[in-house]
Amino acid sequence: MARRPLPAAPLSVADLRVRFRDGKDALIGHFLASRATTIAATQLLRGLTKLVDVTLQTLWEQRRMPAGAALAGVGGYGRGELFPYSDVDVLVILPEGAPTDGVGDFITACWDVGLEIGSSVRSVRECVAEAQRDVTVQTALLETRPIAGARKTFNAFQRATHAALDPVAFLRAKTLEMQQRHTKYENTPYSLEPNCKESPGGLRDLQMLVWVARAAGLGRAWSEMAAGGLLTPFEVSQLNKHEGTLKLIRARLHAVAQRREDRLVFDLQTAVAESFGYQATRAQRSSEVLMHRYYWAAKAVAQLNQILLLNIEERVLESEATPMRPINARFFDRAGMLEVADDGVYAENPHAILETFLIFQQTPGIQGLSARTLRALYNARNLMGASFRNDPINRELFMDILRQPTGTTHAFRLMNQTSVLGRYLWVFRRIVGRMQHDLFHVYTVDQHILMVLRNVRRFFIPEHAHEYPFCSQLASQWDEPWLLYVAALFHDVAKGRGGDHSELGAAEVRRFCRDHEVSRADTALIEFLVRQHLTMSRIAQKEDLSDPDVIGAFARLVGTEQRLVALYLLTVADIRGTSPRVWNAWKGKLLEDLFRLTLRALGGSRPNLDADIESRKQEARQLLALHSALPGTEEPLWKTLEVSYFARHDAADIAWHARTLWRHLATPVPVVSARLSSVGDGLQVLVFSPDRPDLFARICGYFNSAGFSIQDAKIHTTRAGFALDTFQVVSAQLGPGATPSDYRGLISLVETQAAIALASDGPLPEPGRSRVSRRVRSFPIVPRISLAPDERAQRWLLSVSASDRSGLLYAIARVLARHRINLQLAKISTLGERVEDTFLVDGPELQQSRAQIQIESELLDAVADGAGTPA
């Protein structure tokens, strides 16, 4: 009779460590030795996952774990996608009341064998409670996979955590988290050292889509989402292609760095590129080939992420049947998103491609492009060939886009994101995703150009006058900002060709101007700006500005005051567009000194303040004199005010404020003054008070309780710490037919009651029941919140888009007051039944990521709580 073999002795921790290390080294070595393909990357990730599975199962079986305990993989390991140096995240699930004996020994053994483990130990009830408190935990638990132990416990865990999911709340939280992450990474996939996992267009954007679809029961993979109508077969193939590219790059990055490194830093780009087999040529470095491949994949992911996320949002929020308002025969307004009337509209009428962005600029309330429009543009790329670029109608449309008074920055960003800009301006396509190898540019060439365009555009917007007051003053003298926009678009468009990109760019913009029938004089100015866009910075930073010859030579080069102003504005915008860290006060002073010295040499006027603001001040002094005010009455107040105050008020308002407040500049109690509005119906109300976090909320609360609707608010904080706020209000009780005499009787009442309300130290009253119009109920608008740092990362721009209703501004203000957020500037805009409000705010909580998400969530709740009684 044959003797049965004895069971093998259990492997020791030392043996397991050797087996795991050798197995991992073999997998990585084989991967690096193989061709750099997505199949090889997939095999590596699966192989590493299987190796860890076997190791954990062996350790689990060797330890005396609590009865009924289960081991689950979570996160990337739970997905079965373990990158070479990623953490191994596991969850030990215990039955209720079970002891933790043996768990600590198991976790210690994991570290001993070389697993970089991230572990948590919870019961099912604790998992559910923790997930409800923290969306990060909820996300991790969504991607669990059983590894070892009691399957019954794992199944109970999965049922409980899935039942606790709220798809709407989860979608909101993950969307806000994505927006915050994108802000952290400059809202661009084109950073010169991108994080291939976390940056916009990175792997996290793809994972986020799967999470929210899975939570809503819409699919666990791209193929399942396609079966449900969320994706087209072509989009599935594109997602698989670009996801594979990103995984391959990340796996190679880990393997080359021999550590967990998700950033394609300069130090590693060449080595990673060479691991792909890329070789440097005379025309470009090997790293440029790699990064160009990465950028194209990331750009495609960013486009597809936007399309799919909007589709998921429509399903989860059940907004697919939202009524649409026709704009013209080709486009609809769908709850603030621009929707094509038909999927084939671009094939039938290619002119509609550029018309999309013109309509986006011209239609009040349009916030973006719908999923259907984005998809149609994505599929229309092949329509934009040479005949499209040479079409006179398209050229006219493009010039119309440039000349629009609003929406320029957003329109051009959208055009680039949808690949329309590079296909219309073929010269621009050559620099999409092109790196800049220097020590100050942190963006690719195309993103730098769009950043410069944005900076120039901001010089012409009063709400941004506080950022660069002198530039804003100079820009106010220009009647045709589009000339500077064209110069911004072309100033670096010839980079990467070899030779002088300024000269090559000047030739390109001259050709553009000829093709688009720009006048000879305007062409000469734009060509000058592109050719000389580096000159002013070079002279200011490298030459002796005290030398009359230097100034004289520069003055002769510039020739006119118009060219000097334009070149100065473009230079400041260009430097600011290289990196947030490049600009400083000293560079600003050098440039301004050069500007002023050259202006004097040209014989032009030397601007101490913006001519328009000076004119307003002079007119205000004349108005004060008409009211018998003594000379100099205005000076104590004016000395405390920033330039943005004078940019946003006319002379009559400035004189009214000075006349009212000259006796109250140090008052400890609120001062309220009201008068009949000089622009339309209603009242203008001035509030002057020591500033405090809840002041704006108290003002809004008073107007809400008194039955007034705020039509406009101009918020300022003086250097002395006083709030100087002006409101345009109308009475809902008096109605639209009210006469000035009706409002005249309210002036004294408002002044008395508002002052009493603002002096109160009690808690803010709860907002009353909202009333919404029938139109809002028929055409609901999905509320949107955007919170992003301003140019100097010291203050934040809060944008709110929602259906209008009584008490909306008060609801927003209460949230800001609750978190002690200080309001520095507010622009209230009501577009029919829609509000588009912008606030400049600051506060300690805005520096904390979790607090930001909480604030944004509370604001969304506040603006969405409008299902009140119909008006």
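Entry note, the chain: the mean residue ellipticity at 222 nm calculated from DSSP H runs of n ≥ 4, each adding -39500 (n - 2.57), is -16500 deg cm²/dmol after division by the residues and rounding to the nearest 500.
So, for the chain, what is the accessible surface per residue at a probe of 1.4 Å, expressed in square angstrom?
I get 43 Å² per residue for the chain.
The C-alpha atoms of the chain define a longest principal axis, and helix 351-362 lies at about 60 degrees to it.
An oblate overall shape is assigned to the stretch 477-566, the ratio a/c of its alpha-carbon gyration tensor axes (a ≥ b ≥ c) being 1.5 or greater and a/b not exceeding b/c.
Placing +1 on the Cβ of every Lys and Arg and -1 on the Cβ of every Asp and Glu, with no other charges, gives the stretch 291-376 a dipole of roughly 320 debye about its Cα centre.
If you roll a 1.4 angstrom probe over the protein chains with everything in place, what fraction of the accessible area of the chain belongs to carbon and sulfur, to the nearest %? Before the final figure, lay out the partial values.
Working: 19250 of 37830 Å².
Roughly 51 percent of what the probe reaches on the chain is carbon or sulfur.
A Förster radius of 22 Å combined with the Cβ-Cβ distance from Gln477 to Glu592 puts the calculated FRET efficiency at roughly 0.85. Using R0 = 45 Å, the C-beta based FRET efficiency linking Ala280 and His30 works out to 0.95.
In the chain, the longest principal axis of the Cα atoms and the axis of helix 408-417 are about 20 degrees apart.
Placing pseudo-labels 7 Å out from each Cα toward the beta carbon at Gln733 and Ser123 gives an inter-label distance of 5.8 nm.
The residue among Tyr185, Gln62, Ser628 whose Cα reaches farthest toward the positive pole of the charge dipole of the chain, with charges on the beta-carbon of Lys, Arg, Asp and Glu, is Gln62.
The distance separating the Cα centre of the stretch 662-727 from that of the stretch 406-425 comes to 40 Å.
Shape analysis of the stretch 317-427 places it in the prolate category; the axes a ≥ b ≥ c from the Cα gyration tensor give an a/c of at least 1.5, with a/b above b/c. Placing a label point 7 Å from the Cα of Gln57 along the Cα-to-Cβ line, no residue of the stretch 67-91 has its backbone N under 12 Å from it.
Between Ala759 and Asp15, the simple label model (points 7 Å from Cα in the Cβ direction) yields a spacing of 8.7 nm. Heavy-atom accessible surface of Leu230, to the nearest 10 Å², is about 0 Å², with a 1.4 Å probe and all protein chains retained. Neighbours of Pro95 by Cβ distance under 14 Å: Lys/Arg scored +1, Asp/Glu scored -1, total +1. Over 20 Å between Cα atoms, which of Lys197/Lys241; Lys174/Lys197; Lys50/Lys152 qualify? The pairs that break the limit, which is 20 Å between Cα atoms, are Lys50/Lys152.
Taking H as built 1.01 Å from N, whose amide H comes closer than 5 Å to the amide H of Leu231, not counting residues under 5 places away? Here Ala226 satisfy the definition. A Förster distance of 45 Å, applied to the separation of the beta-carbon atoms of Thr37 and Glu561, puts the FRET efficiency at 0.15.
Spin-label pair Leu630-Val168: with each label point 7 Å from Cα along the Cα-Cβ axis, the two points sit 6.3 nm from one another. Where both bridge residues fall in the chain, DSSP classifies roughly 85% of the beta bridges as antiparallel.
With θ taken as phi - 60° and the Karplus curve 6.51 cos²θ - 1.76 cosθ + 1.60 applied, the whole-hertz 3J(HN,Hα) list for the stretch 719-728 is 5, 8, x, 9, 7, 10, 10, 10, 10, 9 Hz, x standing for glycine and proline. Distance from the C-alpha centroid of the stretch 466-498 to that of the stretch 261-300: 32 Å, rounded to the whole angstrom. Oblate is the label for the stretch 388-508. Its Cα gyration tensor axes, ordered a ≥ b ≥ c, give a/c of at least 1.5 and b/c at or above a/b.
The values are calculated or read from the model by the stated rules, or taken from the named source; none is laboratory data. All values reported here derive from a predicted model rather than from experimental measurement. So basically every Cβ, Gly included, is an ideal-geometry build from the backbone, and we count neighbours across all protein chains shown. Please note that ligands, DNA and RNA were not included when accessible areas were found on the heavy atoms of the full protein model with its side chains. Shrake-Rupley method; radii C 1.70, N 1.55, O 1.52, S 1.80 Å.
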